[in-house]
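**Student:** Please see the structure below; I have some questions.
Derivation of every value follows stated rules applied to the coordinates shown; laboratory data play no part. As the structure is a prediction and not an experimental result, all values here were calculated from the model. As a convention, Cβ positions derive from the backbone with ideal geometry for all residues, glycine included, and neighbour counts pool all protein chains shown.
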Amino acid sequence: MNKYPLVEIFKSLQGEGRNMGRPVVFVRFAGCNLKCPWCDTDVSPRFESTLEELLLEIRSFNLKSVIFTGGEPSLVKGIPELVEALKEDGFWIGVETNGTVDPGWFAFVDYLAVSPKRGANLAVDRADEVRVVAEDEKTYEFCEKLREKISATDYYVSPCDHDGQIDFATAKSVLSKLQGWSLSVQLHKILGFR
């Protein structure tokens, strides 16, 4: 029987991108295939759930919006069954991914947010939104090339968080050189909610 490796499941507001402010259940899967220096998320597995246990937990929040995040959800086995069950229940499903793996089931979710990383191979060529962390001034060049690699409705630059200090200056500088990109902040960090 498949068990899903999980870090946490919680209810909050989406803090970034086009769906900012939307009440959702976050399902944070464990494990990632990248090691980004600014990553502020511990993706070590804390517990495992069967499909039935996970569905019960998600439904207990009485919301019909869920976001799979991580870690990296595309690496997790058994997601198609989870997506199918949630869709039968009328859920809106969003996914946050680094885009290095295209598992096929992305086509069946409602919203795909891709956060490509420099130096990583991009397997996904379409998304609803692309979010790039402005780690330094060279982020501008990376963003320009991304538009040729991945087609999206919205493109965002996010400020980098250096040990609790949000670097808006670099994000603003990167944005000033780009056309068709917008700023996406991590609202949950600014307002102090989870």
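**Student:** Taking the C-alpha atoms of the range 1-120, how large are the radius of gyration and the largest Cα-Cα span, Dmax, in Å?
**Tutor:** In Å, with Rg to one decimal and Dmax whole: 13.5, 40.
**Student:** Now for a different question. For the chain, build the charge dipole from Cβ charges (+1 Lys, Arg; -1 Asp, Glu) around the Cα centre, then report which of Asn62, Val43, Leu175 sits farthest towards its positive end.
**Tutor:** Ranked along the dipole, the leading option is Leu175.
**Student:** Spit out the partnerless Cys residues in the chain, using Cβ distances under 4.7 Å as the pairing rule.
**Tutor:** Cys32, Cys143, Cys160
**Student:** Here's something else I'd like to know. Modelling each spin label as a point 7 Å along the Cα-to-Cβ direction, I'd like the Thr153/Phe10 distance in nm, to one decimal.
**Tutor:** So the label points at Thr153 and Phe10 sit 2.8 nm apart.
**Student:** From Cα pairs below 8 angstrom and at least 6 apart in sequence, can you work out the relative contact order of the range 58-194, rounded to a whole percent? It would help to have the intermediate numbers written out before the result.
**Tutor:** Details: 212 pairs, mean separation 21.9, N = 137.
Once divided by the residue count of the range 58-194, the mean separation gives 16 percent.
**Student:** While we're looking at this one, here's another question. Mind running the shape call on the range 108-194? Use the C-alpha gyration tensor, a ≥ b ≥ c as the square roots of the eigenvalues: rounded below 1.5 for a/c, prolate if a/b tops b/c, oblate otherwise.
**Tutor:** On the way: a/c = 1.83, a/b = 1.25, b/c = 1.46.
Oblate.
**Student:** As I understand it, the value is the acute angle between the Cα axis of helix 139-149 and the longest principal axis of the Cα atoms of the chain; what does it come to in degrees, rounded to 10?
**Tutor:** 60
**Student:** With +1 on each Lys and Arg Cβ and -1 on each Asp and Glu Cβ, and nothing else charged, work out how big the dipole of the chain is about its Cα centre, in Debye to the nearest 20. Write out the running numbers ahead of the final one.
**Tutor:** Numbers: 23 positive and 29 negative charges, 51 e Å.
Here the chain has a charge dipole of around 240 debye.
**Student:** How much FRET efficiency would the formula 1/(1 + (r/R0)^6) give for Asp163 and Leu56, where r is the Cβ-Cβ distance and R0 is 45 Å, rounded to 0.05? Please report the intermediate quantities before stating the final value.
**Tutor:** Numbers: r = 37 Å, r/R0 = 0.83.
The computed FRET efficiency comes out at 0.75.
**Student:** Karplus couplings for the range 176-181 from phi (6.51 cos²θ - 1.76 cosθ + 1.60, θ = phi - 60°), rounded to Hz, Gly and Pro as x?
**Tutor:** Using θ = phi - 60°, the values come out as 5, 9, 10, 9, x, 10 Hz.
**Student:** Let me ask something else. Using only the alpha-carbon atoms, what does the range 57-181 span along each of its principal axes? Please give whole angstrom values in decreasing order.
**Tutor:** That works out to 44, 31, 23 Å along the principal axes.
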